[in-house]
Structure formats: C-alpha cells, structure tokens
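One structure below.
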Amino acid sequence: MSAAFPGRLAEALAAGRIIPYLGPGVLALSPETAVPSSPEALVAQITAKATVPHKIRKNLTAASQYIENFKHRKTLVGLLQEAFKAPPKPTRLHEFLADLGSLPLIVDVWYDATLASALAGRADFGQVQGVSRAEHLGEWVRYFRADGTPAEAEEARGWATLLYKPLGSIAPASNFIISDSDYVEVLTEIDIQTPIPERVKEIRAGREFLFLGCRFQNQLERNYARQIMKRSGDRHYAVLEGELTRNEARFLREQGIERIDLPLAEFVAELTEIVVQPRRAVA
C-alpha cells in the first residue's frame, strides 16, 4: 500500500463516495470490548447457557435454530440480549466514521450497537434493521430515528447518514437475523433484492465499498456482501490480513475488490490520522 493510499480513501469517505461495510472484527480494535466480536465467540457464549448437540455447537446459525426449535424463540433472543447487553464502547474507527458527518450510508453486519452509540451525538441519522420474519410476519426491515423511536421508510430520505444493519441489532428493539430459518427467508428473496431497503439501493448506486473487520469464508458472508454491493461501483476495497481461503480469493476477484493486506488496527491508525474536511454528500 502506497503512503498516499490511506489519504485517497479518507478523502473519498469524506466526500461520501465510499461506503464503509463493517464486520464483527472491528470490535477487536478495542481491548475494552465486552461483547462477542466474532461468530465463533457468540456461538460459544450462547451454547454455554443452552444445551445444543455437540455436532452443531460451533455453528452459529444451526445452534440458534436448535435453541429456537426446542427452547422457543424468546429463549434465543434472551441469550442474544445477554451477550450484547454491555454498554457499547466505540473504537477509534467508530468515532472517526461518526465524526465525518458526510457518509450517506454505513453498513454494519453485526448485532452490537457500537456504531449507533458513536452516532448518538447527531440528530441527522437513523437506522434500518433487518428483522426476523418469525417475529415480524410480512416485514423485512424496520426503521428507527436517532433517538430509537420507530420511523417510516420515507423518513430515511431526510437523514444525512443511514446506518444499515442487515442482520438486526441489540438496540433499540432486539432484532436478530441469526437462525437457519431466518436466513432461509432472506436468502430466498435476496437475489431479486426484495429484503434490501429501497433507500440503500439508491445510495449505493455508483459508489464503492470499503470492507473492514469482515471475512468472506462462508457462503452467508459472501452472499450478503454480494447482494448489498449489487449495482454499486466497479471497484471496492477490503482490509484482509494474512492468508486468504480459496473462496475468499475468488470472491475478491469476482467482485472487483482490491485487497489491503494489513492488520486492521494498523490500517485504521493510518486512516484516522489523516485530516479530512467532511462535507455532506450528494444523495
């Protein structure tokens, strides 16, 4: 990575040309993080409190489905609420993105409320969250204002920043797409984009994505990223340190994603040291 490269990305973020796409790995930037920062950590936490067959104990979606089937959906939601109950502690990256004030869209594919907490000082943002159709029959998403109160889809057009949580979030209403059946519902329709909010489709057009704290090792991770990126720009970036799996390497090639082989903490340190002049992006 050239010395000028982080500067170009920072300027593109400040201009609203790049959409940050955050995965659970961003939480590991802070040693004070008290919530699970990976699917492996989350499934270990919930299966420590609920009996699950050994063969699926390390599979988050399957273990969640078992708990939902045999102990009720409310039990599963309660375990997730317990896992993510600690007060959010924004990392340097969360604070940097929140302070830009010029990002029309941020995608966050984990269940914590850390980014919403970093944005809490602003009244000009709102959230759209994926919801489980087991709990919200006939709905794909729900909208929330900066104060956490429910909103209508039309209001999102007036928000300077839309925080898109496709898998749901602990706050403000404990929405979680996590079990096998949750994913089946979404993946049945995601190829034709039905679960993707219209405002997200509008904003992503022509823009690039920057993937931070993400891996693309399993099909679910790749499918979500692919469908959220659909009809966006032709060039994207992902900070991925170390050896890639064959599927990851193929996915990057197919989607036009330039890999940045650096530790996430090192990349974030370089990015956030750059002084940029935020400005409201054109929608």
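Summing Cβ point charges (Lys, Arg +1; Asp, Glu -1) relative to the Cα centre of segment 92-190 gives a dipole of roughly 220 debye. Helical runs (DSSP H, four residues minimum) scored at -39500 (n - 2.57) apiece and divided by the length of the chain put the mean residue ellipticity at 222 nm at -10500 deg cm²/dmol. Only Cα pairs under 8 Å and 6+ residues apart enter the sum, and on that basis the relative contact order of the chain stands at 24 percent.
In the structure shown, the pairs Lys71/Lys230; Lys74/Lys165; Lys49/Lys74; Lys165/Lys230 are assessed against 26 Å; a Cα-Cα span above that value is assigned to Lys71/Lys230. Given their separation in residues at 0.36 nm each and the Cα-Cα distance between them, Asn218 and Ala205 gain 2.1 nm when the chain is fully extended. Applying 1/(1 + (r/R0)^6) with R0 = 35 Å to the Cβ-Cβ distance of Ala120 and Lys74 gives a FRET efficiency near 0.80.
Packing-based ranking of 87-96, 254-263 yields 87-96, 254-263, ordered from highest to lowest mean Cβ neighbour count within 10 Å.
With R₀ fixed at 51 Å, the C-beta to C-beta distance from Leu137 to Glu243 puts the FRET efficiency at about 0.70. Remark: the Gln45-Glu154 segment gains 35.5 nm on full extension, using 0.36 nm per residue and subtracting the alpha carbon distance. Taking every C-alpha pair closer than 8 Å and separated by at least 6 residues, the mean separation divided by the residue count of segment 173-253 gives a relative contact order of 32 percent.
Within the set (i) 41, 28, 16; (ii) 28, 21, 19; (iii) 50, 22, 14, the number that semi-axes √(5λ) of the Cα gyration tensor in Å takes when calculated for this structure is listed as (ii).
Bear in mind these aren't lab numbers, they're just calculated from the coordinates by the rules spelled out. For clarity, every value in this text was computed on a predicted model and none was experimentally measured. Please note: Cβ atoms are built from the backbone with ideal geometry, for glycine as well, and neighbour counts cover all protein chains shown.
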